[in-house]
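To start, the structure under review is shown below, and the notes come after it.
Read-outs throughout are calculated quantities, based only on the coordinates presented, and are distinct from any laboratory measurement. All values reported here derive from a predicted model rather than from experimental measurement. Note that we place each Cβ from the backbone using ideal geometry, even for glycine, and neighbour counts take in every protein chain shown.
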């Protein structure tokens, strides 16, 4: 059913996506789907557009830890939910599997990244708690 699954991971707190990664890997194996990890670093890059040197190695280490065959995308700046939505469309993803946290009061005022992605992305979104 699904061919291309995207999973957002915050490289500063990758444990927050641990359950979502388990679910995404199981679904990718069962469906024969490709799996892509996206990490959005909401930072300001220098004028050359070069990311801080530690983000790409963090992403590479995360991918190695979770086994071969997983692609990685590193996005810099912009809104987290916006970059997730844009990348899902760009890659032709038909499912986004993302972790969620316990909602906080501010989430009800401005919405969480998971809520923004689920509400504004044309593909299916599975939020794992």
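Tell me the label-point distance for the pair residue 120, residue 61, using the 7 Å Cα-to-Cβ offset, in nm and rounded to one decimal.
3.2
Most exposed first by the Cβ proxy, i.e. fewest other Cβ within 10 Å, how do 87, 13 rank?
Values: 87 18, 13 10.
Ordered by Cβ neighbours within 10 Å, fewest first: 13, 87.
What ranking, highest mean first, results for peptides 59-65, 15-21 when packing means the other Cβ atoms within 10 Å averaged over each residue? Can you show the working numbers first?
Details: 59-65: 14.4, 15-21: 17.1.
Top to bottom by mean Cβ count within 10 Å: 15-21, 59-65.
Quick one: order 83, 90, 47, 31 by neighbouring beta-carbon count within 10 Å, fewest to most.
Values: 83 21, 90 9, 47 5, 31 16.
The order, fewest Cβ neighbours first, is 47, 90, 31, 83.
Would you mind ranking 125, 73 by Cβ crowding within 10 Å, fewest neighbours first? Before the final figure, lay out each step's value.
Numbers: 125 20, 73 17.
Fewest-to-most ranking of 125, 73: 73, 125.
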